[in-house]
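Please treat every number below as a calculation from the coordinates, not as lab data. Everything quoted here is computed from the prediction, not taken from an experiment. Note that we place each Cβ from the backbone using ideal geometry, even for glycine, and neighbour counts take in every protein chain shown.
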Amino acid sequence: MPRKTKTTKKSRALYRLNLPAHSENLHVIRKFVSEIASNLGFDEEAMYQIELAVDEACTNVIKHAYRNDQQSEKIIKITLKVKEDRLIIIVADKGCGFNPAAIKSPDMEKYIKKGKRGGLGLHLIKSLMDEVSFRMKPGVRNEVIMVKKRKG
Amino acid sequence: MSNFEISREDNKEITVLKLHGYLDAHTAREFEQSLANVIKEQRFKIVVSLENLKYISSAGLGVFMGFIEEVRKKGGDIKIAQPSPKVYKVFDLLGFPNLYEFYDQLETALKAFEKTQQPGK
C-alpha cells in the first residue's frame, strides 16, 4: 500500500550519500555529515554529537546488518533532510535488521567483567540526538531515524 | 592515508600509549592490537594518553573495556590521561569515570602507579 507522506513543512534541502558498508568509509561519512551540519550553523558541540551518532549508526550497519549475508551488495544509505527547525538523518541498510526494543541500556560493570565491548552505539545515539526512531523491514530497508533540533 | 596513529613509550614498569587522530570502528583494531601486544609482554601498568586524540566512538571505548578486567586481575590498570573535553564527554556519557581513572596530566597518571608500586613510601 503506498504511503502518503505529509508535506506540510517542505524540506529545505536534501542530501544523500550511498556507499559500501565498510569501516574504512566511516571517516568519509563523518566528513560528509559534519560539513553539512557546520553549513547549517550547528555549533561545534552539536556537530560532534551529530557526527558521532551517525558514526555509531553506520558502525552498527557495518558490524551487524550484513553479517549473515554473502549475497547482496552491502550498502549504507545516508539521507539528511534539512527542515526549518530540525535536521533529520536517516541511516538505512538492506541487512537483517534488529529489534530495537530488545536493546537495553548497558550495565557497564557487567560489561567490563565479561570483557564485552559492543552494544554501546545505540545507547550513545539516544543520548546524543533529540529523537531516535526505527523502521525495520529486514532484507528490504531498515532505518535508524535521528533528529537534531536546530536552534533559532 | 592513515588518520590514526599510536606511539609507545616504556617508562620502567609503565607503558604509555599515545593515541593520535581519529579512533573509530576502523582504527580500533590497531589500538586493540597495540594493547594486546603490551599485555602479551606481561606489562600491566598502562597509561593511554589521549592528548592528540581528536575523536572517539564507542568502538574505541570498547577496546578499553575488553582488556581492563584482565589487566586489573594481574595487579595492573589502564589509566586514561589528557582527554580533550569533547573526547571526555563520550566516556562520560557511557559512565566510564566510575570505572576508570582519568587524569588531566600525564605526570599525575604515572605518579598514580608509583603510589601503588611503593605503598611504604
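For chain A, just run the numbers: alpha carbon Rg, then divide by 2.2 N^0.38 Å, N being how many residues it has.
Compared with the compact-globule rule of thumb, chain A sits at 1.07.
Take every residue in peptide B:54-67, count the Cβ atoms of other chains within 10 Å of its Cβ, and give the average of those counts.
Averaged over the peptide's residues, the number is 6.
If you put +1 on each Lys and Arg Cβ and -1 on each Asp and Glu Cβ, how big is the dipole of the protein assembly as shown around its Cα centre, in Debye rounded to 20?
For this selection, approximately 1280 debye.
Given the convex hull over the Cα atoms of the protein assembly as shown, what projected area results after averaging over all orientations, in nm²?
Mean projected area for the protein assembly as shown: 16.8 nm², to one decimal.
Can you work out the FRET efficiency for the pair B:N98 and A:E45, with r the C-beta to C-beta distance and R0 = 30 Å, to the nearest 0.05?
0.85
Would you mind telling me the antiparallel percentage of the DSSP bridges in the protein assembly as shown, rounded to 5?
Roughly 70 percent of the DSSP beta bridges within the protein assembly as shown come out antiparallel.
Mind putting together the pair-distance distribution for chain B? All Cα pairs, 5 Å bins, whole percent per bin, short to long.
Result returned by the calculation: 2, 11, 23, 26, 22, 11, 3, 1, 0, 0.
Using a Debye calculation, one point per C-alpha and no hydration shell, please list log10 I(q)/I(0) for segment A:65-142 at q = 0.15, 0.17, 0.18, 0.26 Å⁻¹ in order.
Taking Cα atoms of segment A:65-142 as identical point scatterers yields -0.70, -0.86, -0.93, -1.26.
Quote the relative contact order of segment A:13-149 in percent (integer), defining contacts as alpha-carbon pairs under 8 Å separated by 6+ residues.
Contact order relative to length: 27 percent.
List every residue whose amide H lies under 5 Å from the amide H of B:F4, counting only residues 5 or more places away in sequence or on a different chain, with H placed 1.01 Å from N in the peptide plane.
Amide H to amide H, under 5 Å and 5 or more residues apart or across chains, B:F4 pairs with B:Y22.
Modelled label-to-label distance, A:A13 and A:D85, 7 Å Cα→beta-carbon offset: nm?
So the two model labels end up 2.1 nm from each other.
HN-Hα J couplings of segment B:72-82 from phi, Karplus 6.51/-1.76/1.60, θ = phi - 60°, integer Hz, Gly and Pro as x?
In residue order, the calculated couplings are 5, 4, 8, x, x, 7, 10, 9, 10, 10, 6 Hz.
As an exercise, use a Förster radius of 22 Å and the Cβ-Cβ distance of B:N11 and B:Q105 to find the FRET efficiency, rounded to the nearest 0.05.
The calculated FRET efficiency here is 0.95.
Helix-only mean residue ellipticity at 222 nm, chain B, DSSP H runs n ≥ 4 weighted -39,500 (n - 2.57), per residue, nearest 500. What is it?
So the helix-based figure for chain B works out to -13000 deg cm²/dmol.
What ³J(HN,Hα) values, in whole Hz, does the Karplus curve 6.51 cos²θ - 1.76 cosθ + 1.60 give for segment B:37-46 when θ = phi - 60°, with x put for Gly and Pro?
For segment B:37-46, the Karplus-derived couplings read 5, 4, 5, 4, 7, 6, 9, 10, 9, 10 Hz, x marking Gly and Pro.
Test of understanding: what is the full-extension gain from A:E24 to A:I103, defined as 0.36 nm times their sequence separation minus their Cα-Cα distance?
25.8 nm
Positive end of the charge dipole of segment B:12-100 (Lys, Arg +1 and Asp, Glu -1 on Cβ, about the Cα centre): tell me which of B:F67, B:P83, B:V47 has its Cα farthest that way.
B:V47
Residues with beta-carbon under 14 Å from that of B:H20, excluding B:H20: net charge, scoring Lys, Arg +1 and Asp, Glu -1?
Neighbourhood net charge equals -2.
Give the percent of DSSP beta bridges with both residues in segment B:11-113 that are antiparallel, rounded to the nearest 5.
Taking every DSSP beta bridge with both residues in segment B:11-113, the antiparallel ones total about 5 percent.
As an exercise, identify the GluC sites (Glu not before Pro) in segment A:50-118 lying in DSSP coil whose Cβ has no more than 14 other Cβ atoms within 10 Å.
A:E73, A:E84
Whole-Hz ³J(HN,Hα) for each residue in segment A:14-27, computed from phi via Karplus 6.51 cos²θ - 1.76 cosθ + 1.60 with θ = phi - 60°, x for glycine and proline: what do you get?
Values per residue, Gly and Pro as x: 9, 10, 9, 9, 10, 7, x, 6, 9, 4, 5, 8, 4, 4 Hz.
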